[in-house]
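Asker: Please read through the structure below; I'll follow up with questions.
Just so it is clear, none of the values below were taken in a lab; they were calculated from the coordinates. Being a predicted model, the structure only gives us computed values, none of them experimental. No Cβ is skipped: glycine too gets one built from the backbone with ideal geometry, and neighbour counts run over all protein chains shown.
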Amino acid sequence: MKFDSNRAWKEASAAVTANREVLFAIAGVFILVPSLAFALLFPQPEAAAGMTGEQAANLLLAFYEDSLPWMIPMAILQAVGSLALLTLFTDRTRPTVGEAIRQGAIGLVPYLVAQLLVGFAVSATAMIVIGLGAATGLMALAIILAVGVVVFAVYAFVKTSLVAPVIVVEGVRNPFTALKRSWALTTGNSGRIAVFYALLFFTFLIVIFIASALVGIVAAVIAGAEGARIVNAVVSSTLGATVTVYAVAVVAAVHRQLAGPSPEAVGATFD
């Protein structure tokens, strides 16, 4: 089947519009609130004037060391929320919010394991390839290999992007099987899907950047530096939750188009 990005976007946006209240309620609890709490409790450190690159790197490393115990539970909450949203998008039995959250929790472990496997594979490949490039001492070769690693990482993301719907919609609980199934579903359409994801990514990025910049300027004038920081945290968390809802809807639409309808799971939740 040839992937139709226009159809996928229309289905995704229609699904969000049809039940935006319940979708954004779940996103608010599982995506927005954890992100906002983290942003307020752990503001990003700013490098002071005259700092060396090593000092800036150490500052950033210290930030991640301090915030890691909070980042992990936040990531788990957001994963459950995303899987719950996916359940609402794809389950034809019209589950309640509680049932959707429960299904999200059931799929959490295989989903996280699959993500860790992909992350480990990409990281290991990057370390080996970049290490070999650095060992040659040839800057041009090192740059080419670094670009190749980025391309490989993007390719791996596209090929495994349907792991979540495979777990939630198809009921696959083995992370290796879910990865294999996602890889098979995207075969023959990887380029089209990559372009589709890239267009959405840059569109969302531009919208978030413009909105955050405008709100930040106004907030700084009205509320001062601290007030602007709080407002920026609220705005960025809200936009992040909104983007997550649309991203999950898009993944559900892509999976439905490539996997086809089934008796167990059809994108009829929002009919």
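Asker: Semi-axes of the equivalent ellipsoid for segment 1-142, please: Cα gyration tensor eigenvalues, times 5, square-rooted, ordered largest first, whole Å.
Answerer: Values for segment 1-142, descending: 37, 24, 16 Å.
Asker: Work out from phi, with θ = phi - 60° and the Karplus expression 6.51 cos²θ - 1.76 cosθ + 1.60, the ³J(HN,Hα) of each residue of segment 59-73, listed in order in whole Hz, and give x for Gly and Pro.
Answerer: 4, 5, 5, 5, 4, 5, 5, 6, 8, 4, x, 8, 5, 5, x
Asker: Tabulate in residue order the Karplus-calculated ³J(HN,Hα) for segment 120-126, using 6.51 cos²θ - 1.76 cosθ + 1.60 with θ = phi - 60°, rounded to whole Hz; enter x for Gly and Pro.
Answerer: 5, 4, 5, 5, 5, 4, 4
Asker: Kindly put Ile26, Ile76 in sequence by how many other C-beta atoms sit within 10 Å of each C-beta, fewest to most.
Answerer: Ile76, Ile26
Asker: Further question: Take the Cβ-Cβ distance between Arg92 and Ala56 as r, set R0 to 51 Å, and report the resulting FRET efficiency rounded to the nearest 0.05.
Answerer: Once rounded, the FRET efficiency stands at 0.50.
Asker: So which lysines pass the test for Lys180, namely a Cα distance under 16 Å, with those fewer than 8 places away in the same chain ruled out?
Answerer: By straight Cα distance, Lys180 reaches Lys159.
Asker: If eta is 0.692 mPa s and T is 37 °C, what Stokes-Einstein diffusion coefficient results for the chain, Kirkwood Rh from Cα pairs, in µm²/s?
Answerer: Answer, rounded: 160 µm²/s.
Asker: In what sequence, highest mean first, do 221-233, 100-112 appear when ranked by Cβ atoms within 10 angstrom?
Answerer: Peptide ranking by packing, descending: 100-112, 221-233.
Asker: Which residue, Ser237, Ser190, Ser123, tops the fluctuation ranking in a GNM of the chain built on C-alpha contacts under 10 Å?
Answerer: Per the Cα network of the chain with a 10 Å cutoff, Ser123 tops the list.
Asker: Given the -39500 (n - 2.57) contribution per DSSP H run of 4+ residues, what per-residue ellipticity at 222 nm results for the chain, rounded to the nearest 500 deg cm²/dmol?
Answerer: Counting only the DSSP helices, I get -28000 deg cm²/dmol.
Asker: Note down the nm distance, to one decimal, between modelled labels 7 Å out along Cα→Cβ at Ser123 and at Leu41.
Answerer: 2.3
Asker: Right, here's the next one. Using a cut-off of 13 Å between beta-carbons, work out the net charge of the residues near Leu59 (Lys and Arg +1, Asp and Glu -1, Leu59 not included).
Answerer: -4
Asker: Taking Cα pairs under 8 Å and at least six residues apart, what relative contact order does the chain come out at, in percent?
Answerer: Over the chain, the number comes to 35 percent.
Asker: With θ taken as phi - 60° and the coefficients 6.51, -1.76 and 1.60, list the Karplus ³J(HN,Hα) couplings across segment 177-188 in order, rounded to whole Hz; mark glycine and proline as x.
Answerer: Each residue of segment 177-188 in turn: 5, 5, 5, 5, 5, 4, 4, 5, 4, 8, 4, x Hz.
Asker: For each of Trp9, Trp70, count neighbouring Cβ atoms within 10 Å of the residue's Cβ, then give the residues from fewest to most.
Answerer: Ranked by crowding around the Cβ, least crowded first: Trp70, Trp9.
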